[in-house]
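Here is the structure we will look at.
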Amino acid sequence: MRVNFTVNGRPQEADDVWEGESLLYVLRERLGLPGSKNACEQGECGSCTVRLDGVPVCSCLVAAGQVQGREVVTVEGLADYAKQRAEGGCATGACGSAGTSLDEAKGWQAKGDSQTGEGGELSPIQQAFMDAGAVQCGFCTPGLLVAADEMLERNPNPTDADIREALSGNLCRCTGYEKIMDAVRLAAARQSEGV
Amino acid sequence: MDFLRPASWEEALAAKAEHPTAVPIAGGTDVMVEINFDHRRPEYLLDLNRIGDLYEWEVGEESVRLGASVPYTRIMENLRAELPGLALASHTVASPQIRNRGGVGGNLGTASPAGDAHPALLAAGAEVEVESVRGSRRIPIDEFYTGVKRNALAADELIRAVHVKKADGPQQFSKVGTRNAMVIAVCAFGIALHPETRTVRTGIGSAAPTPVRARAAEEFLDAALEEGGFWDNGKIITPSVAKQFAELCSAACNPIDDVRGTASYRRHAVGVMARRTLTWTWESYRGTRRTSEGAA
Ligand SMILES: Cc1cc2nc3c(=O)[nH]c(=O)nc-3n(C[C@H](O)[C@H](O)[C@H](O)COP(=O)(O)OP(=O)(O)OC[C@H]3O[C@@H](n4cnc5c(N)ncnc54)[C@H](O)[C@@H]3O)c2cc1C
Ligand code: FES
Ligand code: FES
């Protein structure tokens, strides 16, 4: 079957989709966006987290056919999404030209000086993860970024308990979570200082 | 495999009548796991995401009509006052991502003895509104669970909503697991005090082939509270009464040994949860009595 939906603000079409296929599979294998990771395919690890009509979900548990006509934001579109949000614009693509094209998304990489963040093109949460050293193997990172970014959108001044709860569906086997906590606190602090 | 995408409830019922083997998919948090792991290859998937009605709830005089697909997140955010037991139970389900998709309709569809909504629904009192092209009926929650992962739905029926009695007193939900998130219950316990009818109802999860009420425990407690005039005098529950209630709750279990826990552990833990949640809810009842007396 064919599925038409919006990914990172741009309309996309996936063809020859098997009816039992997950959104995660469509993103990675049909659209060539491997940012969302596949670690468990059973909703346990959160590494496949994307936003579906704004809501964080495990893309491995959404049937491809269920996203017909809906809007998905993946980690590849996060920088643009955060930028649009900061500018008070519309990041989902519902209102026109914004968004990240498939080619841009496929070629997405952290640009600029990774130490200073100069050159931009990172969302504040991505920059904070780098600054706080919250990334080791990186497999859990995309899902954590999407989940953490959504929490900060909803709750700009989270307590530690709020952060732990919001990230309770994302497993990390490397960091022990403390640096991830640091990163989210850092992003929240920078957000409230407006930097 | 075919993917059926009805745009309305009527279309969904027609599709289910035409293809009784079609597997409905709502949040997909049970269905997709089975498909991803090749445990299930349904001929038809029947997507319910387009049916807006299933995502709505209405707070009535006596009960809340909760659309089958209302995600747990919405229940936690919006129905804490009306359905405190179910809101607490919802909060213990999996993770934010899963709670954003999964809901009570899917929990009832799967009818796992470990489903967290069940003890809360049993304790509050609920009816499941199901429908097919043949008509609509309401199944009392006590008659809904018919076996391990089996329910009272006919092949052509879909769950439309759950009618849950609004709380008329304190409710609690307690769950044993190895972590505070992403945990399938080793066992779980729900309790609801119903001061209006002077009754107490319970629900036990993951400690019998189906979710069950501890009926003998409820009857014992109702009688003991009545006899001691507890509803009126608001005294502390006698420890011996709480102890016997807990023992009768343990006795209502019919658990198995599995990877999550042994049968005897489950029986023991249900007793502990029963005693604790009775104490919590009763203390809360006494508290509200005192405030309302103070105000009078
Ligand atoms: C990682 C993970 C953790 C989990 N943890 C918990 C937990 O802690 N507690 C818990 O209780 N559950 C847990 N679950 C199970 C699951 O999330 C719940 O059972 C949830 O309520 C299912 O809802 P859903 O909408 O996603 O159902 P779906 O997967 O869409 O459907 C589940 C079943 O119900 C049927 N169905 C759905 N809607 C209807 C309808 N309207 N009419 C008739 N049949 C219908 C489907 O055909 C299917 O058989 C977990 C799942 C995962 C993946
Ligand atoms: S891959 Fe989806 S939650 Fe693990
Ligand atoms: S950094 Fe390796 S899993 Fe989190």
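Read-outs: derived from the displayed coordinates by stated rules, not from any lab. All values reported here derive from a predicted model rather than from experimental measurement. Backbone-built Cβ (ideal geometry, glycine too); neighbour counts: all protein chains shown.
Listed cross-link partners A:Lys37/A:Lys179; A:Lys37/A:Lys106; A:Lys37/B:Lys149; A:Lys83/A:Lys106 are compared with a 23 Å cut-off, the Cα-Cα value being larger for A:Lys37/B:Lys149. In loop segments of region B:21-92 as defined by DSSP, the GluC sites (Glu not before Pro) with at most 16 further C-beta atoms inside 10 Å of their C-beta are B:Glu43, B:Glu56, B:Glu61, B:Glu62. Among the GluC sites (Glu not before Pro) within region B:124-178, not one is in coil by DSSP while having at most 13 neighbouring Cβ atoms inside 10 Å.
Take the Cα of B:Ala155, step 7 Å toward its Cβ, do the same at A:Glu153, and the gap between the two points is 4.4 nm. Over the C-alpha atoms of chain B, the Rg to Rh ratio, Rh being the Kirkwood estimate, stands at 0.99.
Only DSSP H runs of four or more residues enter the estimate; each adds -39500 (n - 2.57), and after division by the residues of chain A the mean residue ellipticity at 222 nm equals -9000 deg cm²/dmol. Each stretch of four or more DSSP H residues adds -39500 (n - 2.57); spread over every residue of chain B, this sum gives -11500 deg cm²/dmol at 222 nm. Run the quick spin-label model on B:Ala223 and B:Ser136: label points 7 Å from Cα toward the beta carbon, then report their separation in nm to one decimal. Placing both labels 7 Å along Cα→Cβ, they lie 4.0 nm apart. Mean sequence separation of contacting Cα pairs (under 8 Å, at least six apart), scaled by the length of chain B, corresponds to a relative contact order of 16 percent. When the alpha carbon gyration tensor of the protein assembly as shown is reduced to an equivalent ellipsoid, its three semi-axes come out at 42, 28, 20 angstrom, largest first. Per residue, the convex hull spanned by the alpha carbons of region A:3-73 comes to 71 Å³. Projected over all directions and averaged, the alpha-carbon convex hull of region B:171-295 occupies 8.1 nm².
A simple spin-label model places the labels of A:Ala86 and B:Asp38 4.6 nm from each other, with each point 7 Å out along Cα-to-Cβ. For region B:127-165 and region A:1-59, write down the distance between their C-alpha centroids in whole Å. If you average the Cα positions of each part, the centres end up 32 Å apart. If you model chain A as an ellipsoid using its alpha carbon gyration tensor, with each semi-axis the square root of five times an eigenvalue, the axes come out at 26, 19, 15 Å, biggest first.
PRE reach from A:Cys174 (point 7 Å along Cα→Cβ): which of region A:124-165 fall under 14 Å by backbone N? A:129-145, by backbone N distance to the label point.
When you filter the trypsin sites (Lys or Arg not before Pro) in region A:155-195 for DSSP loop state and at most 13 other Cβ atoms inside 10 Å of their Cβ, you are left with A:Arg173.
Within straight cross-link reach of B:Lys243, meaning Cα distance under 14 Å, which aspartates and glutamates are found once same-chain residues fewer than 8 apart are removed? Output for B:Lys243: B:Glu218.
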